[in-house]
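Notes to accompany the following structure.
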Amino acid sequence: MINQHTLPRRKLLAASISALGLAPMTWLRAQPTSPNDDIAIGVIGHGAMGAGNMTNFLHTPGVRVVAVCDVDSDRMEEAKALVDKKYGNTDCKAYAQYSDLLQHPGIDAISLATPDHWHARIGIDAANAGLDVYGEKPFTWGLAEGRLLVDALKKNKRVWQTGSWQRSSGDFRRFRALIQNNTLGKLTRFECGTPTGMGIKKHVPPEQFAALIDKPPATLDWKTWCGPAGEFTYHPMIHPWNWRWHDRFGGGQLLDWVGHHVDIALWTLGLDHTGPIKVEGTGKHGNDSFFNTYVQYAYQGTFADGRVIEVRSDFMGTKFTGENGWIHADRGKLQASNRDLLRNLPADFVTKPPSHHQNFIDCVRNRTLPVSDPEGAHRSASFGQLAIVALDSKQALQWDPVAEKVIGNADQAKHPRLGARLKV
């Protein structure tokens, strides 16, 4: 029997991985990192979130960014320049393909911030390569591929922290502690507000569209960028950023934010390791001729114990109401129907926990679950994925949260959001 721990990771990775990175990679369980060693991180994706996460890791003690990857060569070189400037050398390795970065000698973990449609494939390959992952939300584009990713992380005993950083943020942590300390008494209503509209960035004038359609710039490997989403005609507005407003690649505000304000509600109620039994609602698309995600929506998920979580695009934050009043958390504020309610924190409440990125690094070292664990991230994302299916079909969706199967509606069960667009 081969002792996997004695073989270099490079020899265990699939030598013939396709240019799209769609083939599964060979499993290797990495050795635990010594508490005295720097955690070596590779960065995959250098867009808005990728750049922010890389900056955080560059300033986290005991961490060293050793490699970067982006299918846009301009962004890849920009990332390498930032890393080299930080360390005062030219040691950072730049890779055009993520599969090559996963083979970088001595790497311990990756920071994953690609468009949604790549999260599952790269996350699974990283887990099979013996790497821990700080991955952006939503957990995955599709629900079934989310379960595949959870299983791969569990099988390989990998640490995954989702970029649902509100779980490490003061006001949201206080909100959760107050609710769990029975501040509101019997809870009667659970509301979540996530954004409306589309934050489209117009980096190309409309009059130039016709000339640029199906002509990706030389710096962008468009075929690889599309990857698991399949072939798609290049549009000059889709990269960077605006991909999230097209349902082939993203999920709009609904799916972008389900991993924040809705995630806080599920986490607070202890429902982040299960799912609703029924999801229903309504949604409205915008007038844009190309982008097609929902711009307005109101949906709700009913759980087996009867609790109903409402989600609307007409306000922001997480708000619970009970027999003693209400408490509402949003970024930068924590409000209540009576401010005295905000004083009911438990005696053991930790006022200054590690940052979200530091929590990930701590868990890489001690091999424990981070504050935003894979199962919780998958269940938060699936709440939004189920909502999209219900809104698209204009019917209530009956769901088995244990088997993760649609009940009694074959058409809904075939919806792409419930599937997996990758080979395993």
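The values are calculated or read from the model by the stated rules, or taken from the named source; none is laboratory data. Since this is a predicted model, take the numbers as computed values, not measurements. Positions of Cβ are generated from backbone atoms using ideal geometry, with glycine treated the same way; all protein chains shown enter the neighbour counts.
In segment 337-380, of all residues being part of a loop (DSSP other than H, G, I, E, B) and aliphatic (A, V, I, L, M), the one that is nearest to residue 152 (Cα to Cα) corresponds to 369. The condition (being surrounded by fewer than 17 Cβ atoms within 10 Å (Cβ to Cβ), among the polar types (S, T, N, Q), closer than 30 Å to residue 58 by Cα and modelled with pLDDT of 95 or more) is satisfied by just one residue among 337, 355: 355.
For segment 381-424, how many residues are assigned to a strand (DSSP E or B) and outside the structural domain of residue 303 (by TED's automatic domain parsing)?
Matching residues across segment 381-424 total 0.
Looking at this structure, is residue 30 more than 26 Å from the chain's Cα centre (by Cα), at pLDDT below 50 and over 21 Å from residue 136 (Cα atoms)? Criteria not met by residue 30. Summed over segment 292-319, the residues that are out of contact with any Pro (no Cβ under 9 Å at 6 or more places or on another chain) and within 18 Å of residue 257 (Cα to Cα) give a count of 16. Starting from segment 370-392, take each residue that is among the basic types (Lys, Arg) and list its partners that are modelled with pLDDT of 95 or more, counting only C-beta distances under 7 angstrom and pairs at least six apart or across chains. Once the first residue is among the basic types (Lys, Arg) and sits in segment 370-392, its partners that are modelled with pLDDT of 95 or more give 379/266; 379/272; 379/273; 379/274; 379/275. Whenever a residue of segment 209-225 is over 18 Å from residue 100 (Cα atoms), its partners that are in a helix (DSSP H, G or I) and of a type in the set (Lys, Arg), lying with C-beta atoms within less than 9 angstrom and at least six residues away or across chains, give the pairs 216/223; 219/75. For segment 45-80, a residue qualifies if it is in a helix (DSSP H, G or I), buried (at least 18 other Cβ atoms within 10 Å of the Cβ) and among the aliphatic types (A, V, I, L, M), and the qualifying residues are 54, 76, 79.
Tell me yes or no: at least one residue of segment 185-194 is in contact (Cβ under 8 Å) with a residue 60 or more places away in the chain and either among the hydroxyl-bearing types (Ser, Thr, Tyr) or farther than 30 Å from residue 336 by Cα (or both). The answer is yes; a qualifying residue exists. Of all residues in segment 212-230, those satisfying the criterion of being of a type in the set (A, V, I, L, M, F, W, C) and either in the same structural domain as residue 140 (by TED's automatic domain parsing) or closer than 17 Å to residue 289 by Cβ (or both) are 212, 213.
Counting only residues that are out of contact with any helix residue (DSSP H, G or I) (no Cβ under 8 Å at 6 or more places or on another chain) and not in a loop (DSSP other than H, G, I, E, B), how many does segment 101-145 have?
Within segment 101-145, the first condition is being out of contact with any helix residue (DSSP H, G or I) (no Cβ under 8 Å at 6 or more places or on another chain), and the residues that meet it are 101, 104, 106, 126, 131.
With not in a loop (DSSP other than H, G, I, E, B) added as a condition, the list becomes 101, 126.
Residues meeting the conditions: 2.
Annotation: of all residues in segment 300-336 being closer than 21 Å to residue 385 by Cβ and of a type outside the set (A, V, I, L, M, F, W, C), the one that is farthest from the chain's Cα centre (by Cα) is 307.
From the list 199, 227, 251, 193, the lone residue that is under 28 Å from residue 328 (Cα atoms) and crowded, with 23+ Cβ neighbours inside 10 Å is 251.
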